[in-house]
Structure formats: C-alpha cells, structure tokens
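Inspection log for the structure reproduced underneath, given as structure tokens.
The values are calculated or read from the model by the stated rules, or taken from the named source; none is laboratory data. Computed from a predicted structure; not experimentally measured. Reconstructed Cβ throughout: ideal geometry from the backbone, glycine too, with neighbour counts over all protein chains shown.
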Amino acid sequence: MALSSLPVPLPPALHANHAGIWLSDGGDDVLSLSRGEALARAADTPLLMVNAPLLGARLGHADLSGLDLLELFAFLFPARFVIPTVAGLARALGMAPPANDTQATALVPHLALAMLDWAGRPDWAEREGAWTSLKQLERLRWSWVPLLRDRIAQPAQAERWLFSRLPQWEDQPPRPQPRPVTLADEEVLGRLAALTGQGAETRSGQRDFSLAAADGFDPRTRQDIPNIVLAEAGTGIGKTLGYLAPATLWAERAGGTVWISTYTKALQRQLDREARRHYPDDASFRRHVVIRKGRENYLCLLNLEDALQGGFAGRAAVLAQFVARWAAYSRDGDMVGGDMPGWLPALFRRAGATALTDRRGECIYAGCPHFRTCFIERASRASQGADIVIANHALVMINAARGRETQGAPTRIVFDEGHHLFDAADSTFAAALTGREAIELRRWIMGPEKERRGRRRGLAARLSDVASYDADGAHAIDDAREAARALPGEEWMRRVHERAPDGEIEALLCAVRDTVYARAERDGKETDPGYGLEVDLAEADGALIDAATEGAAALEALLTPLQRLAKRLVAVIELAPDWLDAPARARIDGAISALGWRCDLLRSWIALLLRVGSAPDPDFVDWLAVDRAEGREYDIGLHRHWLDPTRPLAEVVLQPAHGVLVTSATLRAGGDVDTAIGRTGASHLAATPRWFDVESPFDYASQSEVLIVTDIKRGDLPALAGAYARLIEAAGGGTLGLFTAIRRLRSVQARIADRLARAGLPLYAQHVDPFDPATLIDMFRDDPRASLLGTDALRDGVDVPGDSLRLVVMEGVPWPKPSVLNAVRRQASGAPTAHDDRQVRARLAQAFGRLIRRADDRGQFVILSAAMPSRLLGAFPPGVPILRIPLDEAIERVRSRLGSATKLRQEAQNGSRIEGVPTRE
C-alpha cells in the first residue's frame, strides 16, 4: 500500500543498516539511497524511522532525528517490553516480521498506523495521563504530537497528576524472628514438584541439589557458625527452582525472609519469572517477593518533579515526560534492568537519565513531599515483610557492612552466581580516594556552588530546621562546609593538568599523577592515552608523602565536624522538641545514617593516606592510578584492596547469618574444591562447609566441540577480522564474539559489519552501538541471523538458548590484566602460573557456558589463538572434542555442523506473533 493511500497521511520511512539505505517514499516501490541522499532527506523533513540512534550510527550521523516509532511505543505502552527493531515492533503488534530490508522499510508506516490506532481504542490500558502528558510534550515540540493530537480526546474529568496516582506504602509492625524449622526431604521434594509443574520431567540431579540446598535452612547450632552449603551444579540442572523449593517452604513455615543474591541483572529477571510459579497471582507475588537494588537504580520522584518543572531543557525535558509516563505504570520504579525499556534513555542520547536517580546520596528522606510514594522506601519496607528478596551481591554486602536493615542482617542467604562472590567482595570492601569520588562528597556537603535551577542540595539545605534549633549543629554544618573546600571542586581535572591545584586533595592528585607518569615511563609501561596507568604505592617519594600527609590532615579536619554533627542529630532526637514530628524524625534518622557511612568513607581515605611512605600492610594492596578512556583522562587517585577480600566477607556477611547457600555452575572457578572454599569466604569460618556437586545432564560430547585455530597470527587485525567474518558467515549468524580489549572489538566490527550486512547477517556490538548490554542481548536473541560482539560483561551474563546462539568465538586466551592487584595476589599465592591459569580456566568455562543452555542446543566454541596452552583445556566439560586446526578447516566444520543460513532465515520469517496489545516478555 502506498503511503499516500494510507488512512492517515504519513511522511516517508527511512531504514538502514551496514548493507544499504532504503526509503519508502509514498509509492509502491522502496528506493535505495546513498548516505548523502538519506541525510539530505532526513534534514529536509521528519521521516518515519525505528531506532534513530542506531540508524544514525549506521549513517555516521549521531544527531539523526525524526518520527521514531520507539518513542511512540514508549508513550503509548509505558513499562511494556519490545525489541527495539522493526521485527520486534511487528511481533509486538501482531504482524509478521519482515523477511528482508525492503520489507522492513515498507512495513514501518503500517507499524506507525497500527500504533496510532491504539490511541483511539477504548481498550487502551495506559490511557490515563496520556492527554495531560501530550499537552506537555506539545509545549516541548515533540514530533509525534501533530499525529496524536486529534486521536487522544480530552477526558471528561481532569486527570490525576502523576504523584497523586502512585500508591503509598504503609508502615508495618516489625516481623518476629523466624521460627527454628527443619525441612523434611519429602516436603522439599513436594514443593519442587509443585514448582516444576505437573508432567514435568523428573531430574534426579535437580532433586539431589534441592535436598542439599535445604541443609542451608536448618537451625544453626552455634553462634557465628552458619550452616553453609557450597553447591556446584552444571548448566541444565535447574538450580533456580532447586533452591526456590526449600527457600519458599522455609519462608512460609519459619515466618522469615530469604535473600537471594545474584551478580547479573539477567538472573534477577529470571528469578522474577521463576518465583511467579509459586505466587501466580500478581497481588500475592508483590506481597511475598521483592526485588531490591541500590538506590542509584531507582527513579527519584523529587528529581523527576524538578525536571518536569523546568530543571531539564530540550531533549532531556522530553525524556522526563516519558519517564513520568513510565513511572505511573512501573511495578517498582527500577530504571536499570526493571520494566523501563533499556533503549529508552538511548533514544535521547542518555540526556538526563542518570540525573533522575539518587546517585549522589542527596535524599532528604521524610523531608521529601514524595516520601510516602517513594519507590526506594516502598521496596525497603516491602522487603522487611517479604518471603523472598531478590537482590545483588553488592547490596547484600553493603547492607551488612552498614547495618542499615532495620530487621538486622538476613538469617538465610542464597548466593547464586557464587563464582562472582570474590570479585563482588573485592569491590565492596575496597577504598578509592579519587577525584570523582571526592568531588561527589564535596557536592553532598556543600550543594551546588553555582547558581542553577532546581531544588537546593547540601547539608545546610537538608538540615535547615536542625540548624535553626541547635546552635552546635549549625556550627558543625558551617565547619563541615568550610573543611569541604579542601576537596576537589568543579574543573578539578583541568587544574591538576595545569599544576594549579585548589586545595589539599587536588594537590594530592597532582602528586599522584606525576608519580604515575614518572614510574610508568621508567618501567616501560604503555603510555597510549587509550589505556589506564597504575603503579605500586611502595617507595613513595617525598613530594607524594608530603601531599598525602597534608591531605590526611585536611580529611581529619572534615571528619571532625561531620562526627560532631552526627552526635548533635542524635541529641536532637533524644530531646524530642515540639517540632520533631514523625517525618522530621525519619529525615534526621536518614541523615544520621548517611553521615555514618560517609564518616566511614573518610576514615578509610585517611587510613590509606597515612600508609603512604610507610611499610606495606601485608593484608592490603595499595596502588596509584590514572584512569583513561577514549584518549582522555577521566579520574586520578589512590586505591586500596584487601589481599583476600573474603576475610571481611566472612566476618560481615557470612558469620551473622544462620544459613548460607553458595551455588554456581563454575563454583570451583577454574580450580578445585579448596579453591571454591577459599574464594567464597567459607575457609574463614570455624565449621567446614558442606560440599555438593552434580554434573550437567547435557551430552556435551555430541552437542558441542572446541576448535583452536592455529593459523591466525597474534596482532594481525585484518586476519582476525577476516576470521570473524568467515566464521559468522559459515554459521549463518547466531554468533557471540568475545574480546579482551575494546579497541580490537571496535576494529573488527568496523572491518566486517558491511560485509555481513550484505550477506543478510545483522551485527551488533557492545561499545559501538548506543545501547546497554541487556538491550543488545535482547536484539541478538530475537533474530537467529544476528551476531553480537562484546567484552567481559557478555562472557557471563548471556542466556540465549536455541538457534540464536550456536557459535562462540574468542579472539584469544583471556589472560588476566597485568594489574598491580593481580601481580601482588599471584605472588602471594605461591604459584603465580597456577594462579593465572585458574583465572583463565574460569573465564573459558564461563564463556563456554553461554553455548549449550538446553538439551537440544548444538554449538561450537572457537578460539582464534594457536598459543592456547593444553594445560588450560580442563576448563571444558569432559568428553568435549577439542581440535587444533587451520581456519579453513574450522570454517568447514562450522558450516557443516550448524547448517545453512537459508534455513535459519526461513525459520526467522515464520516467527510467532503476539496478538493484541504488547505484553512484557
């Protein structure tokens, strides 16, 4: 159908990929355009398009704009899932996906028309608030307003403002301590059967795993000695349902809360789905299951109100309106990995998205007018009465370290993806005095130092009533503000580069930078500005020691008034003046908590600085770093990590618990059982943990093989790119390419994207395409012809069963980065080579684990490195064929085993439709 004959006149539709550019220009034919012609047409009139940022990247024009169908979808269906492609929109709207780019171009206007029709339908579920939002977007000149204006009628009654529509949380009485309960085997297996469903295949490995996991829920017999179970269960065992069976059963019978901790957002989403098997009713699920994340993941309603009332301008203001639409329908206000589309901020070049969360810790708690509807407070309170709390490793550790949970530390914890516990603890219990960290502290204390629109921030603004009541508290605030001037201010990096520091900490950063560059050059390290630099803190020179001494004194001068202020706030609560109502008390309690952990931060910084020039502490690793990316420096500072971060993990998190289950498909982390015990913190407990392991049920020997390509020369980028292109072509797409360096990823992507697109094989790339990894994985999963290139984040966070992932290609052996921290740890291990080998085996096992996700999967794992040592091949499952062969032979094996791309294309064209209104996946 020509555009001119559509019921609604629409502009032309533009579509592009690496193979070409197409325009549906009002006639029956789809035109092929040059890049210059396409940009001229886009500049001349707003064109219909899908995914303007990605389209702009394909055209080499970052600011491409027009009538983006994804923006229309986000307006009409907030908090609903869709793949951000033409095919994804087609499936969501009940249409057949296009078979090729010509069909995709022709389909775009019909997708637009189908969505516009929704605006006039009486069954449009998200109608409330749309008319009011559209009026605001009209003021901001949103491009879709002219086409929507006559389709969204003004409601008979005024629509409720967003903040009045959100439900309020209610205070609940403290939950009693859990009752001591021992779960019988038959009860656990009965619950497991109920979760897996009637008629489900009985898996002996899953039943054994579930019974082993139940031991972690038994009453403990001695204080500070939890029942700890370490369980390695291969892919396909069904770990999630295996531990949900005893977890849900114990929570109901004991009246307690089980915290299930993950490392990746993908597993959190999976747990969300699996837990619904036991709580199928949505109201019951919300009452019993809560997903918890750090504050920086949630929408701050006060920041949103600021943005809606003029705090944002341009495209950022349009984004704020979309976020407001989403907030009214969101389940939990989670902007990172929740029901906000991951592609939405990218449509606006991420303008303003991070400013809408509480990233700077400036929450005023009960002083906020939206305190009773706050997403963060609602999740926090809901978790106190929930049966299951799904969190992440970092949040569990931080809450335990800060003691911020009002119900105390959780008594039962399940750490899934337990092979990441060491790294999570390493990050959580570390200290970093850097320019970026220090300026955030200054902003939290002083607030904005320049005139700007929006609400005020800073201690004086947040505690103005306390200051007016308590003179000592007011003096403490003033003293803290004055002392905070020693911290880096705006444009601190420029002053450091010019060697004109303002304040003691900027002077310290100058000395750190000088030392790093001097030693890096002396040691012959890489000085390319695309890479960060770091050097050991040992043998500091006089200038650095003096700067550290003065910096420590300045931080002491800041710590003193903050501690005094905390004491004054406690005194105000104890005196309970007339104006101290419940909201004021809650706000001051929040301020006391925030001051507490910032004082702890300052103490860690002071301890780090006082070590400069002293003998190294054998328990810690200290170093200096200049962080660089994209050819520029972005941070400078001093770092301290525990040599063994599982020591504080055991002390702070494990010992207070009554029962802990740590599980993973690769819990040995490339080593043996002792390695698993050491890297989970169990070695620091008085009792010996129970070890359980069960192998994967998959027949890896017939389902997969490992190919080590022997004729790709190290450092030969053209040959590396050619190998990737030929392997992807042989597999017909469905390839996950893993890189150890972003630069090589980008170089390979630039060399092969056009070639693959001409063969009808889409290519997506992390660090190239303007989307977060979760969105890229969704796009990859949706099309069995597509391939995805990525780095470490994709090695362990991808769950793509079936034909969409049938080939994994690694550019080389994933050796650990030669960092100061790794160098010290490998030396301390007593066996440096074995230490590095264990890390490589763990990474290879995790990468191989992406390939076979279910019993009918078939796939191949290719390593483009002849230097792959045989001693590392134990990373792969027993029985998997391992061949060292030339590239040509590897390509022939891939082609013969994985089938033709033509068959896969036909299967993709026959993809299932989702009838009716789009629903979340």
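Restrict the check to region 320-335 and report whether at least one residue is more than 24 Å from ALA382 (Cα to Cα) and either in a loop (DSSP other than H, G, I, E, B) or touching a Ser or Thr at 6+ places or on another chain (Cβ under 8 Å) (or both). Yes, that holds for at least one residue. Considered as a group, the residues in region 260-304 that are exposed (fewer than 15 other Cβ atoms within 10 Å of the Cβ) and of a type in the set (Gly, Ala, Ser) include one that is farthest from GLN321 (Cα to Cα), and that residue is SER284.
Okay, residues lined up against (1) assigned to a helix (DSSP H, G or I); (2) modelled with pLDDT of 95 or more; (3) more than 27 Å from the chain's Cα centre (by Cα):
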residue	(1), (2), (3)
GLU550	yes, yes, yes
LEU569	yes, no, yes
VAL572	yes, no, yes
ARG585	yes, no, yes
ILE588	yes, no, yes
ILE606	yes, yes, yes
ALA615	no, no, yes
GLU633	no, no, no
ASP644	no, yes, no
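When SER702 is tested against (1) over 15 Å from GLU811 (Cβ atoms); (2) surrounded by 18 or more Cβ atoms within 10 Å (Cβ to Cβ), exactly one condition is not met: (2). Where strands (runs of 3 or more DSSP E) fall wholly inside region 655-725, the ranges with 3 or more residues that are assigned by TED's automatic domain parsing to the domain that holds ASP836 are 704-709. Candidates in region 373-384 are the residues that are more than 22 Å from the chain's Cα centre (by Cα) and more than 14 Å from TYR279 (Cβ to Cβ); of these, the one that is surrounded by the most Cβ atoms within 10 Å (Cβ to Cβ) is THR373. PRO784 meets all of the listed conditions (1) in contact with a Gly (Cβ under 8 Å, 6 or more places away or on another chain); (2) within 20 Å of ARG349 (Cβ to Cβ); (3) in a loop (DSSP other than H, G, I, E, B) but one, namely (2).
Within region 414-425, the presence of a residue that is free of Cβ contacts under 8 Å to residues at least 60 places away in the same chain and of a type in the set (Phe, Trp, Tyr) is excluded. Tell me yes or no: at least one residue of region 97-110 is under 26 Å from the mean Cα position of the chain (by Cα), within 17 Å of MET779 (Cα to Cα) and in contact (Cβ under 8 Å) with a residue 24 or more places away in the chain. Looking for residues that are under 26 Å from the mean Cα position of the chain (by Cα), within 17 Å of MET779 (Cα to Cα) and in contact (Cβ under 8 Å) with a residue 24 or more places away in the chain, one finds none in region 97-110, hence no.
For every residue, the table says whether it meets (1) of a type in the set (Gly, Ala, Ser); (2) under 30 Å from ASP218 (Cβ atoms).
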{"site": "VAL621", "(1), (2)": "no, no"}
{"site": "LEU624", "(1), (2)": "no, no"}
{"site": "GLU633", "(1), (2)": "no, no"}
{"site": "HIS641", "(1), (2)": "no, no"}
{"site": "ALA657", "(1), (2)": "yes, yes"}
{"site": "THR666", "(1), (2)": "no, yes"}
{"site": "ARG690", "(1), (2)": "no, yes"}
{"site": "ASP693", "(1), (2)": "no, yes"}
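From the list LEU55, LEU10, LEU33, the one residue that fits, being in the same structural domain as GLY120 (by TED's automatic domain parsing) and surrounded by 22 or more Cβ atoms within 10 Å (Cβ to Cβ), is LEU55. Taking each residue of region 142-170 that is free of Cβ contacts under 8 Å to residues at least 12 places away in the same chain and looking for partners that are surrounded by 14 or more Cβ atoms within 10 Å (Cβ to Cβ) and of a type in the set (A, V, I, L, M) with beta-carbon atoms closer than 7 Å, six or more apart or interchain, yields VAL145/LEU134; VAL145/LEU137. Tallying residues that are over 17 Å from GLY333 (Cα atoms) and free of Cβ contacts under 8 Å to residues at least 60 places away in the same chain within region 284-305 yields 1.
Among all positions in region 371-384, there is no residue which is touching a helix residue (DSSP H, G or I) at 6+ places or on another chain (Cβ under 9 Å), among the hydrophobic types (A, V, I, L, M, F, W, C) and under 25 Å from GLN766 (Cβ atoms).
Inspect all residues belonging to region 131-150 and state whether any of them is outside any helix (DSSP H, G or I), over 32 Å from the mean Cα position of the chain (by Cα) and small (Gly, Ala, Ser). Taking every residue of region 131-150 in turn, none turns out to be outside any helix (DSSP H, G or I), over 32 Å from the mean Cα position of the chain (by Cα) and small (Gly, Ala, Ser). Kindly check whether there is at least one residue in region 832-852 that is surrounded by fewer than 19 Cβ atoms within 10 Å (Cβ to Cβ) and part of a loop (DSSP other than H, G, I, E, B). Within region 832-852, none of the residues are surrounded by fewer than 19 Cβ atoms within 10 Å (Cβ to Cβ) and part of a loop (DSSP other than H, G, I, E, B). Here region 609-633 is the region considered, the condition is being surrounded by fewer than 18 Cβ atoms within 10 Å (Cβ to Cβ) and touching a Ser or Thr at 6+ places or on another chain (Cβ under 9 Å), and the residue that is nearest to ALA828 (Cα to Cα) is GLY613. Among residues of region 495-513 that are outside the structural domain of GLU633 (by TED's automatic domain parsing), none has a beta-carbon under 6 Å from a residue that is at pLDDT 95 or above and not in a helix (DSSP H, G or I) at least six positions away or on a different chain. Candidates ALA214, ALA231: the one that is crowded, with 24+ Cβ neighbours inside 10 Å, farther than 25 Å from ARG853 by Cβ and among the aliphatic types (A, V, I, L, M) is ALA214. Go through the residues of region 796-803 one by one and say whether even a single one is of a type in the set (Gly, Ala, Ser), in contact with a Phe, Trp or Tyr (Cβ under 6 Å, 6 or more places away or on another chain) and surrounded by 18 or more Cβ atoms within 10 Å (Cβ to Cβ). Checking region 796-803: not a single residue is of a type in the set (Gly, Ala, Ser), in contact with a Phe, Trp or Tyr (Cβ under 6 Å, 6 or more places away or on another chain) and surrounded by 18 or more Cβ atoms within 10 Å (Cβ to Cβ).
Taken as a whole, region 160-180 holds at least one residue that is over 33 Å from the mean Cα position of the chain (by Cα), over 30 Å from LEU308 (Cα atoms), among the basic types (Lys, Arg) and surrounded by 10 or more Cβ atoms within 10 Å (Cβ to Cβ).
Here the condition is being assigned to a loop (DSSP other than H, G, I, E, B) and not polar (S, T, N, Q); of ASP306, ASP272, ASP339, it holds for ASP339 alone.
State whether one or more residues within region 809-822 are surrounded by fewer than 18 Cβ atoms within 10 Å (Cβ to Cβ), part of a helix (DSSP H, G or I) and on the phi < 0 side of the Ramachandran plot. Scanning region 809-822, I find at least one residue that is surrounded by fewer than 18 Cβ atoms within 10 Å (Cβ to Cβ), part of a helix (DSSP H, G or I) and on the phi < 0 side of the Ramachandran plot, so the answer is yes. For region 865-881, residues that are more than 33 Å from the chain's Cα centre (by Cα) and surrounded by 15 or more Cβ atoms within 10 Å (Cβ to Cβ) total 1. Scanning region 222-234 for residues that are in a loop (DSSP other than H, G, I, E, B) and modelled with pLDDT of 90 or more yields PRO226, GLY234. Taking the conditions (1) modelled with pLDDT of 90 or more; (2) among the aliphatic types (A, V, I, L, M); (3) over 22 Å from ARG443 (Cα atoms) in turn, LEU509 satisfies each one other than (3).
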